[in-house]
Every structure is written in C-alpha cells, then in structure tokens.
C-alpha cells in the first residue's frame, strides 16, 4: 500500500505551524514568513516556484534542500485542509482558485478538505477536488487517485494533526524553527505519546533549523 507522508512542515519552538490571524495578505498569520525562511533559498523551492536563476546554489542551503527535495519524490496525490487552500472566507468567493496562480506546483490530484464542496478545478497539471470527508475517507480517495504512488498530507498543521491522531501518517518530517509564536495553529495538541510508534532522526542545519523525521516502525505498521 502507498504511504501517507508529511514533508517540510515548519513549526515554532512552542509547536505552532501557523500564526494567528491568517489573511489574504498574511498566509501564515502573525508569523509572517518566518517559518519558511529556511525553505525559500533551497534549490527545490526555487525550482518549483519558477524563480530559480541559473547560478550556483548557496552551499549553505544544501543540507536543507536534501529534506525539501524528498517531498517531490514518488508522490501521486496530495491532501490539504481548507486553510492551506486559501484565507478565511475563500469558500464564499466563487472566483478563488488557490494561492498558486495558473500553474500550481503540485502536478497531481489534490483533495481539499472543506465543509463547502464545489466542482473540481483543473489548473495546468493539477486538479483540485473539494470534499467533506474524514481523514480515512480522504486518504482512501487520494490513494485511489495516486496510481500506486504515495500520498502527501500537505497541511496545514490542523489537518496534519487530525491525520496523526487517526494513526494514518507513515512518515512525518517537521522543521523546528527557532522562533516563538505564542498563538496560532498547534501541531501537537492532543497527541501525547504519539511518537512511541515511530523511529526518530534529527539534524540541525546551518540555517539554524532542526529537521526531525518520524518514520513508523514495522511493528507499529503491522498492528
């Protein structure tokens, strides 16, 4: 069976994966872009954003890029929550098509979890499907669409929390950023002891962030 994977989920030292007061102007709320400053200089981000100049990549970013690049490998579908697709209230805007313009970077089916479903939307090589579903139902639909490849649980933190609580995540890569937010969307709420079924590896890179990878153990997967 294909795996359910989470990549590049940046969190503050106090466990917030997004700040409070998300808006069109501030996709990460009061956190601004501080959670993702490690990601923007990487070759992987520069490549998918279309902004990469044909110059040498700063060697200091190579360690971060090793992690960033893994999110692009063997993924056949994505699941995201409503807060990742747009700012509060996008469901009432029939013209809203996501943050990414006419060529979203996913190039796969994307399943958007929302209480306000709408017809599917195709932009470039990406088709967004809007559905009201449990984590289990969404993962089943994404696996059916993934063609045998893995499913990426793209976020935000509240959606990832729900999939973790349901025991559906096979691999979780979080990036601990050395900032304190104090408020916002918590990743770890209600997950006491969740890590027991996972092996854990960590690496701190020159950017100052720590990459933590949780991989479900074979014994846990068999249960």
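The values are calculated or read from the model by the stated rules, or taken from the named source; none is laboratory data. Every value quoted in this text rests on a predicted model; they were computed, and no experiment measured them. Cβ: placed from backbone, ideal geometry, glycine included. Neighbour counts: every protein chain shown.
Summed over the stretch 196-216, residues that are surrounded by 13 or more Cβ atoms within 10 Å (Cβ to Cβ) and either under 14 Å from residue 167 (Cβ atoms) or within 18 Å of the chain's Cα centre (by Cα) (or both) total 10.
When only residues in the stretch 108-124 that are assigned to a loop (DSSP other than H, G, I, E, B) and under 19 Å from the mean Cα position of the chain (by Cα) count, which is farthest from residue 70 (Cα to Cα)? So that I can check it myself, show each step before the final result.
First, the residues of the stretch 108-124 that are assigned to a loop (DSSP other than H, G, I, E, B): 108, 114-120, 124.
Okay, now just the ones that are also under 19 Å from the mean Cα position of the chain (by Cα), so 108, 114.
Working: 108: 16, 114: 27 Å.
Across the stretch 108-124, the extreme among qualifying residues is 114.
Screening residue 21 on (1) out of contact with any strand residue (DSSP E or B) (no Cβ under 8 Å at 6 or more places or on another chain); (2) in contact (Cβ under 8 Å) with a residue 24 or more places away in the chain; (3) under 29 Å from residue 190 (Cα atoms) shows it passes everything except condition (2).
Scanning the stretch 142-154 for residues that are surrounded by 24 or more Cβ atoms within 10 Å (Cβ to Cβ) and under 16 Å from residue 126 (Cβ atoms) gives 142, 151, 152, 154. Picking from residues in the stretch 168-195 that are farther than 26 Å from residue 73 by Cα and out of contact with any helix residue (DSSP H, G or I) (no Cβ under 8 Å at 6 or more places or on another chain), the one that is surrounded by the fewest Cβ atoms within 10 Å (Cβ to Cβ) is 193. Of the residues making up the stretch 74-106, those that are more than 25 Å from residue 147 (Cβ to Cβ), without any contact (Cβ under 8 Å) to a residue 60 or more places away in the chain and surrounded by fewer than 16 Cβ atoms within 10 Å (Cβ to Cβ) are 89, 92, 93, 94, 95, 101. Of the residues screened, residue 160 is one that is buried (at least 17 other Cβ atoms within 10 Å of the Cβ) and within 22 Å of residue 64 (Cα to Cα). All conditions but one from (1) modelled with pLDDT of 95 or more; (2) within 15 Å of the chain's Cα centre (by Cα); (3) under 30 Å from residue 207 (Cα atoms) apply to residue 64; the one that does not is (2). When the strands (runs of 3 or more DSSP E) confined to the stretch 146-222 are screened for residues that are touching a residue at least 24 places away in the same chain (Cβ under 8 Å), under 20 Å from residue 27 (Cα atoms) and in contact with a strand residue (DSSP E or B) (Cβ under 9 Å, 6 or more places away or on another chain), those reaching at least 2 such residues are found at 150-155, 171-177.
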